[in-house]
1. Considering only residues that are closer than 15 Å to F74 by Cα and in contact with a helix residue (DSSP H, G or I) (Cβ under 9 Å, 6 or more places away or on another chain), which ones fall in segment 4-29?
2. In this structure, does Q43 turn out to be farther than 12 Å from H108 by Cα and either among the acidic types (D, E) or modelled with pLDDT under 95 (or both)?
3. Just to check your reading of the model, which residue among V50, V71 is within 25 Å of P8 (Cβ to Cβ), in contact with a helix residue (DSSP H, G or I) (Cβ under 8 Å, 6 or more places away or on another chain) and free of Cβ contacts under 8 Å to residues at least 12 places away in the same chain?
Amino acid sequence: MPIDATQPYDDSNIFARILRGELPCRKVHEDEFALAFHDINPQAPVHLLVIPKGAYVSWDDFTAKASDAEVAGFMRAVGQVAREAGLVAPGYRLLANTGGHGHQEVPHLHVHIFGGRQFREMVPLVRG
């Protein structure tokens, strides 16, 4: 069910629990700003999620409240994950859902990285 991105951060969400080590993930990258791992319900041959380590509900929340170092570190992590996955030359898609109209289902900012195939539709329905 899509969330209201203006609500306060809920530290019981699945990504907060992954960050605390309460739930497992198939990690591909971790640094001081971000954690990246394989999506458990992949929508493409390569489907990775990158989440900031801070408690941010959405892209809007993150860009309004995060420090410049957090914003830069997170964006660099997204690029590094795509490079490490070998997606730059063939190309890839980034998607960050925000709020109900954006179909955001987990109230923790996350960026989907899709790769491994041609993406023709402008915006496929991706849950999360």
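1. V28, H29, listed by residue number.
2. Numbers: farther than 12 Å from H108 by Cα: yes; either among the acidic types (D, E) or modelled with pLDDT under 95 (or both): yes.
Yes, satisfied.
3. Details: V50 fails: free of Cβ contacts under 8 Å to residues at least 12 places away in the same chain.
Result: V71 is the single residue among V50, V71 that is within 25 Å of P8 (Cβ to Cβ), in contact with a helix residue (DSSP H, G or I) (Cβ under 8 Å, 6 or more places away or on another chain) and free of Cβ contacts under 8 Å to residues at least 12 places away in the same chain.
The values are calculated or read from the model by the stated rules, or taken from the named source; none is laboratory data. Computed from a predicted structure; not experimentally measured. Please note: Cβ atoms are built from the backbone with ideal geometry, for glycine as well, and neighbour counts cover all protein chains shown.
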